[in-house]
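Below: one structure, written as structure tokens.
The values are calculated or read from the model by the stated rules, or taken from the named source; none is laboratory data. Keep in mind the model is a prediction, meaning the values are calculated, not measured. Cβ: placed from backbone, ideal geometry, glycine included. Neighbour counts: every protein chain shown. The protein model used for the area step is the full one, side chains on, heavy atoms only, and it has no ligands, DNA or RNA in it. Shrake-Rupley method; radii C 1.70, N 1.55, O 1.52, S 1.80 Å.
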Amino acid sequence: MPLSVDDRLEILELMARYNHCADGGDGEGFADTFTADALFEGSMSSARGRAELVQVIASGGGLWKHWLNSPIIEGDGDHATAKVYLVRTGLGEDGEIGLVASGTYHDTLARIDGEWKFTHRKVHPDQ
Amino acid sequence: MPLSCDDRLDILEVAARYCRALDRGDPEGLEAVFTEDAVWESSARGQRRGRAAIVDEFRARAAQAHTRKHWTSNPVIEGDGDHASLTLDLLVLHLDDGDVRPGTSGVYEDRLRRDEAGWRIAYRKITVDGQRAGFRGVPAQPAGKDATR
């Protein structure tokens, strides 16, 4: 069964929650966006499973923001893939905002107990 | 009743209309996105109570029209029936001197209400990054291998 509009909106909102948690320092909330045995491959670190995923955020510091654009979501039934552009900004001590990095997320998602989650999220940095 | 897809898309469009009205210096457009009793509260500029006071605040900034672009991302919408909340990140791009650069960033925390005029903002709180409790400034690093999480 093709993805519904509801599915697409839920997946977009999952991406938004990931960003709010990552930028807000909420490691538990960040891990909630993944399945229990999910694999995360960032440019700094990799993490598999909830205990490691929580640490990805706990070990991060400072104030960043993730900005997404141009999402492409494809899928069928309880499985989906997504690609979405990413820009990250950082706020300096001088109050100036800088563009820190850009890249693309390549995601694999599954619906578990009625909720969409990442099973694999990999960052492809442009730099 | 849970929010429908239509509700969610309508709410996103209200948020987009706010940005466009600000960036184009369009007070009527701004008026259309707020309820009459709306409250607007900014960590940088204080509180305005009522739609008329909110529109006056932006009329005073009309000179900024076409020099800013309000760029939003990461919407999270929750709600039920005729009430909803929206959390949305904001980046203000400054378009001065033929150049574009990131200016302020922050987060909108909104409450919206639906009546016969559709979904509108009843409360909008803007917290500018760097003015929230617990903020630790970090240098904006140059792009590098450790820069994307």
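Residue by residue, here is whether (1) more than 14 Å from chain A (Cβ to nearest Cβ); (2) touching a strand residue (DSSP E or B) at 6+ places or on another chain (Cβ under 7 Å); (3) open to solvent by 40 Å² or more (accessible area, probe 1.4 Å); (4) assigned to a strand (DSSP E or B) holds:
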{"residue": "B:Val39", "(1), (2), (3), (4)": "yes, yes, no, yes"}
{"residue": "B:Arg48", "(1), (2), (3), (4)": "yes, yes, yes, yes"}
{"residue": "B:Asp56", "(1), (2), (3), (4)": "yes, no, yes, no"}
{"residue": "B:His66", "(1), (2), (3), (4)": "yes, no, yes, no"}
{"residue": "B:Lys69", "(1), (2), (3), (4)": "no, yes, yes, yes"}
{"residue": "B:Ser73", "(1), (2), (3), (4)": "no, yes, no, yes"}
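Counting residues in region B:89-107 that are part of a strand (DSSP E or B), touching a residue at least 12 places away in the same chain (Cβ under 8 Å) and touching a Pro at 6+ places or on another chain (Cβ under 7 Å) gives one or more. Can you find a residue that is away from chain B (no Cβ under 14 Å), open to solvent by 70 Å² or more (accessible area, probe 1.4 Å) and either in contact with a helix residue (DSSP H, G or I) (Cβ under 7 Å, 6 or more places away or on another chain) or in contact (Cβ under 8 Å) with a residue 40 or more places away in the chain (or both) anywhere in region A:99-109? Looking for residues that are away from chain B (no Cβ under 14 Å), open to solvent by 70 Å² or more (accessible area, probe 1.4 Å) and either in contact with a helix residue (DSSP H, G or I) (Cβ under 7 Å, 6 or more places away or on another chain) or in contact (Cβ under 8 Å) with a residue 40 or more places away in the chain (or both), one finds none in region A:99-109, hence no. Selection of first residues in region B:24-39 that are on the phi > 0 side of the Ramachandran plot and of second residues that are surrounded by fewer than 16 Cβ atoms within 10 Å (Cβ to Cβ), restricted to Cβ pairs under 6 Å at least 6 apart or on distinct chains, gives the following pairs, ordered by first then second residue: B:Gly25/B:Ala62; B:Gly25/B:Ala65. Checking each residue in region B:1-35 for being open to solvent by 30 Å² or more (accessible area, probe 1.4 Å), more than 11 Å from the chain's Cα centre (by Cα) and of a type in the set (D, E, K, R) picks out B:Asp6, B:Arg8, B:Asp10, B:Glu13, B:Arg24, B:Asp26, B:Glu28, B:Glu31. Just one of the numbered conditions (1) touching a Cys at 6+ places or on another chain (Cβ under 7 Å); (2) without any contact (Cβ under 8 Å) to a residue 40 or more places away in the chain is not true of B:Thr72: (2).
If I ask for residues that are more than 21 Å from B:Val128 (Cα to Cα) and open to solvent by less than 40 Å² (accessible area, probe 1.4 Å), which ones from region B:80-94 would you list?
Taking region B:80-94 as the starting set, the residues that turn out to be more than 21 Å from B:Val128 (Cα to Cα) are B:80-84.
Once the filter is applied, which keeps residues that are more than 21 Å from B:Val128 (Cα to Cα) and open to solvent by less than 40 Å² (accessible area, probe 1.4 Å), region B:80-94 yields B:Gly81, B:Ala84.
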